[in-house]
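Here the structure is laid out as structure tokens; the discussion comes afterwards.
The values are calculated or read from the model by the stated rules, or taken from the named source; none is laboratory data. As the structure is a prediction and not an experimental result, all values here were calculated from the model. Methodologically, a virtual Cβ is constructed for each residue, glycine included, from the backbone with ideal geometry; neighbour enumeration extends over all protein chains shown. When the accessible area is computed, the model is the full protein with side chains, heavy atoms only, and any ligands, DNA or RNA have been set aside. Shrake-Rupley method; radii C 1.70, N 1.55, O 1.52, S 1.80 Å.
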Amino acid sequence: MAKEQLEVLKALDVAKTQLYHFTAIVVAGMGFFTDAYDLFCISLVTKLLGRLYFHVEGSPTPGSLPPQISATVNGVAFCGTLTGQLFFGWLGDKLGRKKVYGMTLLLMVVCSIGSGLSLGHSPNSVMATLCFFRFWLGFGIGGDYPLSATIMSEYANKKTRGTFIAAVFAMQGFGILAGGMVAIVVSAIFKAKFPAPSYAVDPIASTVPEADYVWRIILMLGALPAALTYYWRTKMPETARYTALVARNAKQAASDMSKVLNVKIDAEEEKVERLATDRGNAYGLFSKQFLHRHGLHLLGTATTWFLLDIAFYSQNLFQKDIFSAVGWIPKGATMSALEEVYKIARAQTLIALCGTVPGYWFTVALIDYIGRFFIQLLGFAMMTIFMLGLAFPYHYWTTSSHHIGFIVMYAFTFFFANFGPNSTTFIVPAEIFPARLRSTCHGISAASGKLGAIIGSFGFLYLAQNPNPALADHGYPPGIGVKNSLFLLAACNLLGLLFTFLVPESKGKSLEEASGEAMTEEEPTV
């Protein structure tokens, strides 16, 4: 059966790159900038929270968050993100991308400010208030994943769609970088204004009372880019694909895109009506037809994102080894509280600058030339190789004369995560599912990834503990050790490579071709 396409969608697919594309990238990208800032900045201040609220009189080491509280403070936003990805993904298909897009941003603004204003009569009550706001902050962040990806994919032309979606996701790198830089500046200002001795010299005076403002300012500043972007989000028109294919308002879709593209577009209401009555384009998420057409695709996008995030978020297993090996972060007792914040932020900023940001932009530059499938396959393959390269001679890497080699291997592992599945798992679910289910399926895939992130961040934190109880970190039970954990992570990457074969290539195709949603003309009756 001969296939045809609505004129408004064809106009979008063949449109030259112009101002509205860049506006959409900035508006959606600033959301991801904020997401990354808010999610990752908490790791910069957890040591400070331990010193402020869990100081132990007479202890030779500074106060630290108890393991359960540390896991909750760091992980509660991930739980909120997972929930938000499912909820807002579904809502974006029910109410429209634009209507829901502003809600997520407002939630992020309110909860970023609320996190910094966390109060209580006891340390535990302060942490409980912080966790409450961090959960709902994560809930708003979760909504940004399916909505930003879907909006960008539905606005883009088919020639450079991968580049545009990748550019939105790449703003994560700058958000992580900004979080580190803000923490550096804020801690440096307070350190200069309120000098303090190291913990070893004076445990009490090493944490000045004014340090309580530092973590609050760092967390609250996450509201700023979100608030600045809100106006522009409200001005974006609904995507033509949602308006025409889901809301079935051909006239509105043509009107909106005529203004955006500065060309006259016919409404083609008859085509939209014929599409609405086509049973082949009316199946639901839990139908046999969806299972037949897209079941394996959804399995592929969800499992690859899940397996990738287990490995990607496990990086905290060896960051402390790297930081101490190169002398970036001395022992806590040798520093004041503000000096520790400064040095942790400096170390994480350098990691982001050298290992995180470049991989994202390699994907932006190459994805529409070599395709999503190849980049994802290459990324998983190289991550497997480098993880095994770290695991087999792990004791070799831990000797002082081989630390530089360890750092190089570490950097390449996460370079190929970002120039690989960390980017493509975000891009592909926004392209290969029908418009009426696109945001929902992206949300399911993203939530699967966030479940992997929780396992990678916290499951492996316990799993990687030394098998000898005497050598495990304080408060943690013995585990299988870092070497065996690296073997498990390499296995996750290898499984990710295999599940990649369930995901189709979408390079150079319109969204309707990639999703099998292209409208068909009725054959003449005999």
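The sole residue among F174, F169, F190 that is in contact (Cβ under 8 Å) with a residue 12 or more places away in the chain, touching a Ser or Thr at 6+ places or on another chain (Cβ under 9 Å) and hydrophobic (A, V, I, L, M, F, W, C) is F169. T399 satisfies every condition listed in (1) modelled with pLDDT of 95 or more; (2) out of contact with any Lys or Arg (no Cβ under 7 Å at 6 or more places or on another chain) except (1). Taking the numbered list (1) in contact with a His (Cβ under 6 Å, 6 or more places away or on another chain); (2) farther than 30 Å from Q252 by Cα in turn, A149 passes all entries but (2).
Yes or no: D35 part of a helix (DSSP H, G or I) and surrounded by fewer than 20 Cβ atoms within 10 Å (Cβ to Cβ)? When the stated conditions are applied, D35 does not pass them. Determine, yes or no, whether G75 is surrounded by 21 or more Cβ atoms within 10 Å (Cβ to Cβ) and within 22 Å of the chain's Cα centre (by Cα). Criteria not met by G75. When Y394 is tested against the conditions (1) within 30 Å of A514 (Cα to Cα); (2) buried (at least 16 other Cβ atoms within 10 Å of the Cβ), the lone failure is (1). Condition (residue is modelled with pLDDT of 95 or more and in a helix (DSSP H, G or I)) applied to the stretch 265-280: is it met by at least one residue? No - not one qualifying residue is present in the stretch 265-280. Of all the criteria given as (1) of a type in the set (F, W, Y); (2) modelled with pLDDT under 95; (3) out of contact with any Lys or Arg (no Cβ under 7 Å at 6 or more places or on another chain), the one not satisfied by F374 is (2). The set of residues from the stretch 180-198 being modelled with pLDDT under 95 and open to solvent by less than 30 Å² (accessible area, probe 1.4 Å) comprises G180, S198. The numbered conditions (1) surrounded by fewer than 24 Cβ atoms within 10 Å (Cβ to Cβ); (2) at pLDDT 90 or above; (3) closer than 24 Å to S506 by Cβ are all true for G89 except (1). Restricting the stretch 347-371 to residues that are open to solvent by 40 Å² or more (accessible area, probe 1.4 Å) and modelled with pLDDT of 90 or more leaves a set whose member that is nearest to the chain's Cα centre (by Cα) is W361.
Residue count for the stretch 231-241, restricted to those that are crowded, with 16+ Cβ neighbours inside 10 Å and among the polar types (S, T, N, Q): 1. Would you tally the residues in the stretch 209-228 being part of a helix (DSSP H, G or I) and crowded, with 21+ Cβ neighbours inside 10 Å? The total comes to 8.
The sole residue among S506, S448 that is at pLDDT 90 or above, among the hydroxyl-bearing types (S, T, Y) and open to solvent by 10 Å² or more (accessible area, probe 1.4 Å) is S448. On the phi > 0 side of the Ramachandran plot and either under 24 Å from the mean Cα position of the chain (by Cα) or not hydroxyl-bearing (S, T, Y) (or both), is that true of N262? For N262, the condition - on the phi > 0 side of the Ramachandran plot and either under 24 Å from the mean Cα position of the chain (by Cα) or not hydroxyl-bearing (S, T, Y) (or both) - is met. Taking the criterion of being within 20 Å of C492 (Cα to Cα) and open to solvent by 10 Å² or more (accessible area, probe 1.4 Å), the only residue of the stretch 423-445 that qualifies is I444. Scanning the stretch 92-102 for residues that are under 20 Å from the mean Cα position of the chain (by Cα) and more than 14 Å from A227 (Cβ to Cβ), we see that the one that is modelled with the highest pLDDT is G92. Has the stretch 127-142 got at least one residue that is in contact with a Gly (Cβ under 7 Å, 6 or more places away or on another chain) and more than 25 Å from T72 (Cβ to Cβ)? No.
With respect to A464, determine if the residue is surrounded by 22 or more Cβ atoms within 10 Å (Cβ to Cβ), more than 30 Å from A167 (Cβ to Cβ) and among the small types (G, A, S). Judged against the criteria, A464 is a match. Just one of the listed residues (Y369, Y360) is without any contact (Cβ under 8 Å) to a residue 12 or more places away in the chain and farther than 30 Å from G332 by Cβ, namely Y369. Criterion applied to S118, S112, S70, S125 was being surrounded by 19 or more Cβ atoms within 10 Å (Cβ to Cβ) and more than 21 Å from the chain's Cα centre (by Cα), and the one residue passing it is S118. Looking at the stretch 242-262, which of the residues that are free of Cβ contacts under 8 Å to residues at least 24 places away in the same chain and among the basic types (K, R) is surrounded by the fewest Cβ atoms within 10 Å (Cβ to Cβ)? That would be K259. The sole residue among F135, F169, F190 that is in a helix (DSSP H, G or I) and more than 20 Å from the chain's Cα centre (by Cα) is F190.
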